[in-house]
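K.L.:
I have a structure here, written as structure tokens, and I will follow up with some questions on it.
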Amino acid sequence: MLFKLSIKNIRKSIKDYTIYFLTLILGVCIFYMFNSLDSQEAMLVMNSSSKMIVELLVNLIAVVSVFVAVVLGFLIVYANNFLIKRRKQEFGLYMTLGMGKGQISRILLFETIFIGLFSLIIGMLVGIFGSQLMSILVAKLFSADMSKYEFVFSKAAALKTCIYFGVMYLAVMMFNVITISKYKLIDLLTAIRKNEKVKMKNPVLCVAVFLTAVSMLGYAYYKVTGGIDTLDTIDKITYPILLGVISTFLIFWSLSGFLLKLAQSRKSMYLKGTNLFVLRQIHNKINTTVVSMTIICLLLFMTISVLSSALSLNNVLTKDLEEMTPVDLNLYKTANLPKKGDYTKVQIEDSRLKISDTLKNAGFDMDVLKDIVEVETYATSELTWKDTLGDAYDEVKALFPYFPYDMAEDIVKVSDYNQVAKVYGIKQYELKDDEYIILCDFQSRKDLRDKALALHTKITIAGKEYSSKYTECQSGYLLMAGSHINSGIILVPDSCELTEDMKEEHLLIANYNADTEEEKEKIEGMFTNYSEDSKDFMDQILEQGISLDGMTKIAIYESSKGIATVVTFIAIYLGVVFLIASSAILALKELTENSDNRQRYTVLRKIGVDESMINQSLFKQIAIFFIVPLILAVIHSIFGIQFALKIISVQVHPKEMLPSVIATAVFLIVIYGGYFLATYTGSKSIIKEEL
């Protein structure tokens, strides 16, 4: 009997369960999709380096999933609490007819089990098909072979999802039993007549607090975008973050009174249609949900910031990889080892040789390389960072007192650099006999150097003075990397007297003499994996203690692309969960308020307000309730994203941000907009119910 009653209750209250079902299904779907990554077919046809990155991603997702499960658990309990409140009169009627609290608890137990199984099955089905699309995305990001793709079901992910959500449903059951045991019959029967008491705030005080909070928030924005330097961040960022959270709370605390005061100053708008009713409703709702609105706003802020920053970072890193890895191989070794020291005769003699000679002496076949360019970099204690900063030194040192300003600069002859630039396909330069150029693309270092160049700082090498050709750093680099990290190269004319003892490093730049990816990987193995083809010459180099080092395009791609992918996946995972949580909390709050306010809509009907105007007023209330925290979250995100990109020293042009912003907007429209429509539809049904 109790089971049949439970089924009938679910059918009867299906409209009340819309938000609950939507939240459960989305939670199960997202949880399964991300925890099934290790079982996707795309993972099985990757190279070993990519598989290592995927293993790291899977391990991180496993850790993050614990946090996600806690968030979803609280969300499910919160959603269930709404349903319990909606059914107080029903439970009161049961108790009046002689049903005990234990029997009511069993009814709720059957309902929870049925709803849980239904949501788990639907969510799992959606997640299984969604994971197939995710495997295609993973394959694309890791350049995996999908020619043998097959439909995959992850038993481990399914079991993990069932266990985690089973624990959540168990918590809901326990919560229901505790809640029912605390109810009194009189409270249940009179629940519909009880409204939350609202304390009216002084409008003048609200305006003052609102303006103060806005000023505090503006100061916090300034600190995170312009007032904090990247090298001095960790110990100074806590204060503006705390200030931002407090000001967000104060904005929502004062917002209702501020809006009401603003609207009352415009009588024609305030008294038009149902605006007076709408504004009073909004005033009451915001007053009673200040903490919730603050949490929702911060969750939306984290969603937008995390998704936009991660997606932008991925796009920028992909672009930088293509730009910063123009050849297959960079090799470098120390030049001019001192004749006195802990070095062997072979090491000292080899440090005077070019890298190609080192390779030949070790038995390496140079025919496997092409487009070979060899240059040397120079350094002297006569030219340090302090010297190149010139009159800007005191200002820069005051900002960064612990920077090694006595570090010697890297110097390269312009003709040598142009040989490298030609192979790289980047800009070449010309210099007069008394000019120099600083190449720098690492933004935080470039900003420091530009201060000095703007003052027309001169440098001296071997007794000769040189003037900068430009008043700011130029783009360029010698060694490949995953991003722009060149902190400075001094280009000097060929006539500059750079002596043999000033040589610091030998560099070799080359491409693999191969036409296919398989042939390139074989040559790659000679330098990275100690393959049989390279074992003899690499062993000989190592035995002699020669410090030959380098980097390859393939290795840089695999490591950098892997990091970007890991960050992107974790960001999407957390972003979607935060978005679901904030949307569900907002929707349930609005449904609860409209359920409590049914009597007010009944009064509107009695005084002659037609149904279309009532629906219009309801739509305005819900729209404002959803839009207000979103607007503030978007404003927070504009400055938060700038700070995040500043910390990781990534310069993103607004045009480069556009795809990430569009992708984030799609997430918001689909999930946040979906909850908004479900809330409006559910609220319309609720306010039409008879009391």
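The values are calculated or read from the model by the stated rules, or taken from the named source; none is laboratory data. Just so you know, these numbers come straight off a predicted model, no measurement behind them. So basically every Cβ, Gly included, is an ideal-geometry build from the backbone, and we count neighbours across all protein chains shown. Surface accessibility is based on the protein's heavy atoms, side chains included, excluding ligands, DNA and RNA. Shrake-Rupley method; radii C 1.70, N 1.55, O 1.52, S 1.80 Å.
K.L.:
Being surrounded by 19 or more Cβ atoms within 10 Å (Cβ to Cβ), in contact (Cβ under 8 Å) with a residue 24 or more places away in the chain and not in a strand (DSSP E or B) is the filter here; which residues of region 452-480 pass it?
P.N.:
Step one: filter region 452-480 for residues surrounded by 19 or more Cβ atoms within 10 Å (Cβ to Cβ), giving 452-453, 457, 459, 461, 466, 468, 473, 476-478, 480.
Now drop any that are not in contact (Cβ under 8 Å) with a residue 24 or more places away in the chain, which leaves 452, 457, 459, 461, 466, 468, 473, 476-478, 480.
Correct list: ALA452, THR457, CYS473, GLY476, TYR477, LEU478, MET480.
K.L.:
Okay, moving on. Which pairs have Cβ atoms under 8 Å, sit 6 or more apart or on different chains, and link a residue in region 613-629 that is on the phi > 0 side of the Ramachandran plot to one that is part of a helix (DSSP H, G or I) and open to solvent by less than 30 Å² (accessible area, probe 1.4 Å)?
P.N.:
none
K.L.:
What are the residues in region 481-500 that are out of contact with any helix residue (DSSP H, G or I) (no Cβ under 8 Å at 6 or more places or on another chain) and either of a type outside the set (Asp, Glu) or assigned to a loop (DSSP other than H, G, I, E, B) (or both), if any?
P.N.:
Passing the criteria: ILE485, ASN486, SER495, CYS496, GLU497, LEU498, THR499.
K.L.:
Scanning region 481-524 for residues that are open to solvent by 60 Å² or more (accessible area, probe 1.4 Å) and within 37 Å of the chain's Cα centre (by Cα), which turns out modelled with the highest pLDDT?
P.N.:
ILE485
Matching residues to (1) within 19 Å of THR679 (Cβ to Cβ); (2) more than 16 Å from the chain's Cα centre (by Cα); (3) of a type outside the set (Lys, Arg); (4) not in a helix (DSSP H, G or I):
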{"residue": "SER547", "(1), (2), (3), (4)": "no, yes, yes, yes"}
{"residue": "ALA555", "(1), (2), (3), (4)": "no, yes, yes, no"}
{"residue": "LEU579", "(1), (2), (3), (4)": "yes, no, yes, no"}
{"residue": "ILE614", "(1), (2), (3), (4)": "yes, yes, yes, no"}
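K.L.:
Which one is farthest from the chain's Cα centre (by Cα) among residues in region 394-414 that are surrounded by fewer than 16 Cβ atoms within 10 Å (Cβ to Cβ) and aliphatic (A, V, I, L, M)?
P.N.:
For region 394-414, the residue satisfying everything is MET407.
K.L.:
Hey, could you check region 639-664 for residues that are farther than 20 Å from GLN443 by Cα and exposed (fewer than 15 other Cβ atoms within 10 Å of the Cβ) and say which is modelled with the highest pLDDT?
P.N.:
Going through the qualifying residues, I end up with ILE662.
K.L.:
So if I check each of VAL70, VAL64, which one is modelled with pLDDT of 80 or more and open to solvent by 70 Å² or more (accessible area, probe 1.4 Å)?
P.N.:
VAL70
K.L.:
Kindly indicate whether GLN621 is among the polar types (S, T, N, Q), crowded, with 22+ Cβ neighbours inside 10 Å and in a helix (DSSP H, G or I).
P.N.:
yes
K.L.:
So which of PHE252, PHE277, PHE301 is more than 35 Å from the chain's Cα centre (by Cα) and modelled with pLDDT of 65 or more?
P.N.:
Of PHE252, PHE277, PHE301, the one residue that is more than 35 Å from the chain's Cα centre (by Cα) and modelled with pLDDT of 65 or more is PHE277.
K.L.:
I would also like to ask the following. Take region 394-412 and flag every residue that is out of contact with any Asp or Glu (no Cβ under 9 Å at 6 or more places or on another chain) and aliphatic (A, V, I, L, M).
P.N.:
VAL396, ALA398, MET407
K.L.:
Next question. For region 309-348, how many residues are at pLDDT below 85 and either under 31 Å from the mean Cα position of the chain (by Cα) or under 30 Å from PHE676 (Cβ atoms) (or both)?
P.N.:
Residues flagged as at pLDDT below 85 and either under 31 Å from the mean Cα position of the chain (by Cα) or under 30 Å from PHE676 (Cβ atoms) (or both) within region 309-348 amount to 14.
K.L.:
Hey, among the residues in region 6-44 that are farther than 21 Å from TYR573 by Cβ and open to solvent by 40 Å² or more (accessible area, probe 1.4 Å), which one's modelled with the lowest pLDDT?
P.N.:
Applying the filter and picking the extreme gives LEU44.
K.L.:
Under 7 Å between Cβ atoms, at least 6 apart or on separate chains: pull out the pairs that start in region 336-353 with a residue that is open to solvent by 50 Å² or more (accessible area, probe 1.4 Å) and end on any residue that is at pLDDT below 85.
P.N.:
So the pair list comes out as THR344/GLY545; VAL346/GLN544.
K.L.:
Considering only residues of region 369-393 that are part of a loop (DSSP other than H, G, I, E, B) and hydrophobic (A, V, I, L, M, F, W, C), which is most open to solvent (accessible area, probe 1.4 Å)?
P.N.:
ALA379
K.L.:
While we're here: Given the options ASP539, ASP433, name the one that is surrounded by fewer than 20 Cβ atoms within 10 Å (Cβ to Cβ) and assigned to a loop (DSSP other than H, G, I, E, B).
P.N.:
ASP433
K.L.:
With the condition being within 29 Å of ILE638 (Cα to Cα) and either modelled with pLDDT of 70 or more or of a type in the set (Lys, Arg) (or both), I'd like the helices (runs of 4 or more DSSP H) fully within region 113-231 carrying at least 2 qualifying residues.
P.N.:
Values: elements: 155-182, 185-189, 203-222.
In region 113-231, 203-222 are the helices (runs of 4 or more DSSP H) which contain 2 or more residues that are within 29 Å of ILE638 (Cα to Cα) and either modelled with pLDDT of 70 or more or of a type in the set (Lys, Arg) (or both).
K.L.:
Picking from ILE286, ILE348, which residue would you name as being of a type outside the set (S, T, N, Q) and over 30 Å from VAL368 (Cβ atoms)?
P.N.:
Details: ILE348 fails: over 30 Å from VAL368 (Cβ atoms).
That would be ILE286, the only listed residue that is of a type outside the set (S, T, N, Q) and over 30 Å from VAL368 (Cβ atoms).
K.L.:
Of the numbered conditions (1) surrounded by 14 or more Cβ atoms within 10 Å (Cβ to Cβ); (2) more than 31 Å from the chain's Cα centre (by Cα); (3) at pLDDT below 95, GLN428 fails exactly one; give the number of that condition.
P.N.:
Every listed condition holds for GLN428 apart from (3).
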